[in-house]
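In what follows, a structure is listed as structure tokens, so that the remarks can point back to it.
The values are calculated or read from the model by the stated rules, or taken from the named source; none is laboratory data. Note that the structure is predicted; figures quoted are calculated from it, not measured. No Cβ is skipped: glycine too gets one built from the backbone with ideal geometry, and neighbour counts run over all protein chains shown. Accessible surface areas use protein heavy atoms only, side chains included; no ligands, DNA or RNA. Shrake-Rupley method; radii C 1.70, N 1.55, O 1.52, S 1.80 Å.
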Amino acid sequence: MNKLRVAILGGGGILPSHLEGFRAVADRCEIIAVAEASSSRDEFLRKAIGPEVRIVRDYREALALPNVEAVDILLPHHLHMPATIEAARAGKHVLVEKVMARNVWECDRMIAACEKAGVTLTVCHDRRYHGEWRAVKEIVSSGMLGEIFFWKLDHNQDVAIPKSSWAYWKDGIGGGCLMSCLTHQIDALRWFGGEVEKVSALTVVRPGRMEGEFAAIVAAQMKSGALAELSINWWTRSHRGENRLWYELIQVCGTKGELYRMDGRGVFLRLHEADEAAVARYGEAVTRDFVEIKTEGESGHVGCIREWVDMLLGRGGRVITSGRECRGTVEVAEAAYRSVETERTVALPIRPRRWKPFGMPLEVVGLAVSRTTAKD
Ligand SMILES: NC(=O)c1ccc[n+]([C@@H]2O[C@H](COP(=O)([O-])OP(=O)(O)OC[C@H]3O[C@@H](n4cnc5c(N)ncnc54)[C@H](O)[C@@H]3O)[C@@H](O)[C@H]2O)c1
């Protein structure tokens, strides 16, 4: 069987999670090149992928390799759009790490370029492929929680970013922690509960930490009428230490029951009213107390890469995070920023607007600078 030939663009912090995924499909996919601007990563790349892996310094060099069929983009957020457009023009299928792009204007150009070139565009929103998050989706979709009226999803990290990193700057990250990582929660909310009707948001900024916000709260009303409370906090150690508490939390409340997922603890269900099917599946105890739900242990990145590779090889991979699907996640985040700017509730859909640069210093942009013209 011919193996799928992939190039990875960007060999930084998230790469090991992707390599775990590629190792799981090594019988049908090979990494033939990595584009990584910094030579300090060479030793790691050769050890992790193999001594023969081709390393190039700029992502465009990898796009010029004729034997590359697909690319996995792990670049800074401001490069997601130009790298995707250039990959599409070179005829390569694209997997791009979350967040898809800095705004919907950029997402639209990525989608159009891939559709025009006849290549696929997939976003690595890893949570949708994670066993525990899939279990939440399955229970929610079964209807056993009744009418869902309340969602709460949060994300906690301790992220202090130096000014030398793209991620410190609004232009690099696409705003702040809300666009960078609350998009995990926004994407899951849309997947679990359908589309968002309107949002209202607040953020906290402290330039010693990063240029954009390091904490944010988004209140949303879903098209279903349910309320959603989403928050991100990049200045907490709740997930660290021996007595760590939690990293991400999901709470779903319905008229017939409630469901929780706490990172490190698992998925728990309690039903106020249980039908025969629910009792047969989870036991009588589910009506008296929380019952832990058994889930698959696979990481989201491993699941996403397997489905992506199998889709491209025509082996029936189930990709559920196309560019068209994930555009809506960026739209909710962008609407939240517009709510912060205007101090008003913002209804969706929003009108796309081109990214207005805030002035990321050139020495940070460095090699990462894009030569793609504005009309792209
Ligand atoms: N799913 C998750 O939980 C998760 C976690 C972390 C990061 N991410 C995502 O992964 C992506 C990358 O983040 P990261 O933390 O790995 O960032 P990073 O800064 O560690 O890595 C980015 C790499 O790109 C390289 N680079 C920059 N410009 C380049 C160019 N022109 N050509 C080739 N290489 C270039 C940099 O040298 C750097 O090593 C982002 O989209 C981020 O949001 C996802």
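Worth pointing out:
- Springs between Cα atoms under 10 Å define the GNM used for the chain, and in it the highest mean-square fluctuation of Ser322, Ser40, Ser180 occurs at Ser40.
- Considering helices alone, the calculated mean residue ellipticity of the chain at 222 nm is -9000 deg cm²/dmol, with DSSP H runs of length four and up weighted by -39500 (n - 2.57) and normalised per residue.
- Under 24 Å from the Cα of Lys163 - lysines, other chains or at least 8 residues apart: Lys98, Lys356
- Prolate/oblate/rounded call for the stretch 68-190, Cα gyration tensor, a/c under 1.5 rounded: oblate
- Surface composition of the chain: carbon and sulfur make up 50 percent of the accessible area, probe 1.4 Å.
- Using a Förster distance of 35 Å, the FRET efficiency for Lys163-Lys256 (Cβ separation, nearest 0.05): 0.10
- Residue with peak Gaussian network fluctuation, the chain [Cα springs, cutoff 10 Å], from Trp151, Trp133, Trp246: Trp246
- Taking θ as phi - 60° and the Karplus parameters 6.51, -1.76 and 1.60, the scalar couplings of the stretch 143-151 work out to x, 5, 7, x, 7, 7, 10, 8, 10 Hz in sequence order, x denoting glycine and proline.
- Shown in residue order for the stretch 114-119 are the 3J(HN,Hα) couplings computed by the Karplus curve 6.51 cos²θ - 1.76 cosθ + 1.60 at θ = phi - 60°: 5, 5, 4, 7, x, 10 Hz (x for Gly and Pro).
- When GluC sites (Glu not before Pro) are flagged only if DSSP places them in a loop and at most 15 other Cβ atoms lie within 10 Å, the longest unflagged stretch of the chain comes out as 53-146.
- Fully extending the segment from Lys223 to Arg23, taken as 0.36 nm per residue of separation minus the present Cα-Cα distance, adds 68.0 nm.
- Choice from Asp187, Asp126, Asp42 with maximal GNM fluctuation in the chain (Cα, 10 Å cutoff): Asp42
- The simple Förster model, with R0 at 35 Å and r as the Cβ-Cβ distance, assigns Arg353 and Lys116 a FRET efficiency of 0.95.
- Whole-Hz Karplus values for the stretch 230-245 come out as 10, 8, 9, 9, 9, 9, 8, 10, 4, 9, 10, x, 4, 9, 3, 9 Hz, taken residue by residue from phi with 6.51 cos²θ - 1.76 cosθ + 1.60 and θ = phi - 60°; glycine and proline positions read x.
- Bridging of Lys92 to lysines at a Cα separation below 19 Å is possible for Lys3, Lys116, once same-chain residues fewer than 8 apart are set aside.
- Rounded to the nearest 5, the antiparallel percentage of DSSP beta bridges internal to the chain is 60%.
- The shape of the stretch 128-296 comes out prolate: with a ≥ b ≥ c from the C-alpha gyration tensor, a/c is at least 1.5 and a/b beats b/c.
- Close amide H pairs (under 5 Å, H built 1.01 Å from N) link Glu195 with Lys223, residues at least 5 positions away or on another chain.
- Residues in the stretch 99-140 that a label on Ala280 would reach, taking backbone N under 18 Å of a point 7 Å out along Cα→Cβ: 139
- Glu298 long-range amide H proximity, modeled H, under 5 Å: Gly131
- The stretch 128-296, accessible area per residue, ligands and nucleic acids excluded (1.4 Å, Å²): 45
- Separation in nanometres of the label points that stand 7 Å from Cα toward Cβ, at Thr342 and Arg237: 4.1
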